Amino acid sequence: MKLSTGWIVAIAIIFVLFLLTLWGVSSYNNLVTKEETVNTQWANVQTQYQRRSDLIPNLVATVKGVATFEKSTLTAVIEARANATKVNINPKNLDEASLQKFQAAQDGVSNALSRLMVVVERYPELKATQNFSELQAQLEGTENRITVARRDFNEAAQAFNTYLRRFPSNIFAGMFGFHKKAYFASQKGAENAPKVQF
């Protein structure tokens with residue numbers, strides 16, 4: 001049985017469409033997988049910042065209980081924490097502007113905690129208490145976890161953004177509404193090593 005030219009062309013077109021469909025499904029699924037990885041890493045970042053936020057009231061209470069403190073320092077820590085908890089970002093909208101707003105709020109907490117630790121230096125009896133020492137150790141550990149979570153998020157965002165920009169996945173990304181994810185950047189002045197003494 002001999003196929004006519006029309007049938008051969010039709011079969012070739014169907015085969016090409018089938019391959020394009022497979023290619024599109026594969027690209028879409030890879031985009032979804034990579035975006036979900038970014039979302040998971042973002043949730044990990046938020047978890048670590050929440051952990052820090054949860055430690056702050058205990059730290060403030062401990063400091064208040066032992067030292068007659070400068071009220072403005074404690075107020076600054078409490079206000080920075082309150083401002084940081086107001087900034088919520090949907091992982092679907094991880095653009096530069098929203099991430100900068102989130103980062104600025106978290107940097108405010110970091111700066112307020114740094115000022116608090118500098119003031120604590122004047123109170124050796126506070127530094128000697130076990131409760132303060134434990135909270136300080138937990139806070140240091142949390143800051144390390146935040147650093148790791150931010151790095152992991154940036155790596156996931158880079159993998160997603162790279163895949164998003166590559167041909168031919170960029171075609172499908174545009175068709176299905178996938179957008180570039182923002183990165184965490186270091187705080188201004190971070191190139192200068194801070195002098196932290198506890």
Among E125, E140, which is the only one that is more than 19 Å from D54 (Cβ to Cβ), of a type in the set (D, E) and modelled with pLDDT under 90? E125
Please list, ordered by residue number, the helices (runs of 4 or more DSSP H) wholly in the stretch 60-169 having 2 or more residues that are touching a residue at least 24 places away in the same chain (Cβ under 8 Å) and of a type in the set (S, T, N, Q). 71-86, 96-120, 130-165
Looking at (1) under 19 Å from the mean Cα position of the chain (by Cα); (2) surrounded by 12 or more Cβ atoms within 10 Å (Cβ to Cβ); (3) of a type in the set (A, V, I, L, M, F, W, C), which one does I78 not meet, given that it meets all the others? (1)
If Q130 satisfies every condition in (1) among the polar types (S, T, N, Q); (2) surrounded by 18 or more Cβ atoms within 10 Å (Cβ to Cβ); (3) at pLDDT below 85 but one, which is the exception? (2)
Among the residues in the stretch 90-98, are any acidic (D, E), farther than 23 Å from Y163 by Cβ and either modelled with pLDDT under 85 or surrounded by fewer than 15 Cβ atoms within 10 Å (Cβ to Cβ) (or both)? no
The stretch 133-149: number of residues that are closer than 16 Å to N58 by Cα, of a type in the set (A, V, I, L, M) and surrounded by fewer than 16 Cβ atoms within 10 Å (Cβ to Cβ): 1
Check whether at least one residue in the stretch 20-30 is more than 30 Å from V148 (Cα to Cα), surrounded by 12 or more Cβ atoms within 10 Å (Cβ to Cβ) and aromatic (F, W, Y), and report yes or no. yes
Taking F172 as the residue in question, decide whether it is part of a helix (DSSP H, G or I), touching a residue at least 60 places away in the same chain (Cβ under 8 Å) and more than 24 Å from P91 (Cα to Cα). no
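The values are calculated or read from the model by the stated rules, or taken from the named source; none is laboratory data. Source: prediction; values computed, not measured. Note: ideal-geometry Cβ built from the backbone for every residue, glycine included; neighbour counts use all protein chains shown.
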